[in-house]
Amino acid sequence: MFTRLLIATTLTLFTPAALLAKVTKQTVYGYPNCLIIENATTRVVICGESGGRVLEYSLRGKNSLYLQEQETGEPRQPGRPAAMTAGRFDIGPEKVIPRHPVLWSGRWQGSVTGPNSVRVTSQVDKATGVALTRDFELAAKGTHLSCRQTIHNRSERVTEWCHWSRTFARGNGVCVIPLTANSRFPNKYVMYEDGDKINIRPTDPNIRVRDGFLEILATPKEPKLGMDSYAGWFAYFMKNDIVFVKRFPTFPNRVYNEAAGLTISIWYPEDRRVELEPIGPRERLDPGKSASFTEDWYLYEQAFPGSEKIDLAALKSRVDKLANP
């Protein structure tokens, strides 16, 4: 296994929070100058070198993210394109936004903003007219990671993009999404088929609605799914006995400009990875204006349910306690 730590330089010391959480700079899986935030139980690796991503979000040494370099044990080779896996973020809507490799996979500038927080900043992308910043802050204790992406309109025209999270978690788990009333979709979700066809009445043996929740139990017949829930969270149970929870704001009275008006998309292929995607509303920005969207991430340990039904009431209670410890 390629060693993760080639360089270690402590960047923050001598503050109360730093006694519990700290930031260091390291080379990780072949990516130089990664910013590492860690406390007693949780480690977060932020990579500015390629796409401003989260390479690792781990609890007691178990990474919740699918990072190709970690899975293969082969670090990125200098001069070769990166495998864009793990904790990716983006902007959308995906069907109409122009290609924007400067934001997606370009080099971002990293900086330390506090004893347990960092920022990565993109270059200005001419295709979309924007630059992005991402601010990450790990709680001094526990697993709470705040992930805030800000869209800055650096053009001379109005821009209309949205937040689009594209996190690769470890595959073959169970995803649980709380539903809300008045869904536009008869079966509470849609399924993308044949590329751009959106089936609003899909049925699949690996997807069920139970007690006000949508459960994705295994690989569906088509991998890309979409939901319009305004509950503002979902949970993903992984086979390494870690549960990954994302919380995020929703806005029932605003326009969601993704093709199907989704607040969530889940991409579940027959593979080692699953994509967990909160989607933000349209941000109509005049030149010089900015808008932010924050995801709050949490991890906790729980045995993988396997064939057992998840206790949905207990899950909701646990998620509520994570947000209000």
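The values are calculated or read from the model by the stated rules, or taken from the named source; none is laboratory data. Just so it is clear, the structure is predicted and the values come from calculations on it, not from any experiment. When we count neighbours, we look across all protein chains shown, and the Cβ atoms used for this are built from the backbone with ideal geometry, even at glycine.
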If I ask for residues that are surrounded by fewer than 19 Cβ atoms within 10 Å (Cβ to Cβ), among the charged types (D, E, K, R) and either in contact with a Ser or Thr (Cβ under 6 Å, 6 or more places away or on another chain) or outside any loop (DSSP other than H, G, I, E, B) (or both), which ones from the stretch 83-113 would you list?
none
Return a yes/no flag: does the stretch 302-320 have any residue that is under 18 Å from the mean Cα position of the chain (by Cα), exposed (fewer than 15 other Cβ atoms within 10 Å of the Cβ) and not basic (Lys, Arg).
no
Criterion (modelled with pLDDT under 95 and either under 30 Å from GLU69 (Cβ atoms) or not aromatic (Phe, Trp, Tyr) (or both)) met by exactly one of GLY232, GLY195, GLY171
GLY195
Test set (1) part of a strand (DSSP E or B); (2) surrounded by fewer than 17 Cβ atoms within 10 Å (Cβ to Cβ) - VAL54 fails condition number
(2)
Quick check: anything in the stretch 235-248 closer than 23 Å to PRO186 by Cβ and at pLDDT 95 or above?
no
Which residues, taken from the stretch 167-187, are touching a residue at least 40 places away in the same chain (Cβ under 8 Å) and closer than 21 Å to TYR230 by Cβ?
THR167, CYS175, VAL176, ILE177, PRO178, LEU179, THR180, SER183, ARG184, PHE185
Test result for ARG80, surrounded by fewer than 17 Cβ atoms within 10 Å (Cβ to Cβ), without any contact (Cβ under 8 Å) to a residue 24 or more places away in the chain and outside any strand (DSSP E or B):
yes
Filter pass, GLU38 being out of contact with any Cys (no Cβ under 7 Å at 6 or more places or on another chain), surrounded by fewer than 19 Cβ atoms within 10 Å (Cβ to Cβ), acidic (Asp, Glu) and modelled with pLDDT of 95 or more:
yes
Only residues in the stretch 89-102 that are farther than 14 Å from THR167 by Cβ count as the first member; pair them with residues that are of a type in the set (Gly, Ala, Ser) and surrounded by fewer than 20 Cβ atoms within 10 Å (Cβ to Cβ), Cβ under 6 angstrom, at least 6 apart or cross-chain, and list the lot.
LYS95/ALA259; PRO98/ALA127; HIS100/ALA127
Enumerated strands (runs of 3 or more DSSP E) restricted to the stretch 202-276, each holding at least 3 residues that are more than 18 Å from GLY171 (Cα to Cα) and not acidic (Asp, Glu):
207-210
I'm trying to understand the selection: among the residues of the stretch 150-165, which are buried (at least 20 other Cβ atoms within 10 Å of the Cβ) and under 15 Å from the mean Cα position of the chain (by Cα)?
CYS162, HIS163, TRP164, SER165
Per-region count, the stretch 277-295, residues assigned to a strand (DSSP E or B) and buried (at least 19 other Cβ atoms within 10 Å of the Cβ):
8
Filtering the stretch 179-194 for residues that are surrounded by fewer than 15 Cβ atoms within 10 Å (Cβ to Cβ) and either charged (D, E, K, R) or under 23 Å from the mean Cα position of the chain (by Cα) (or both) leaves a count of 3
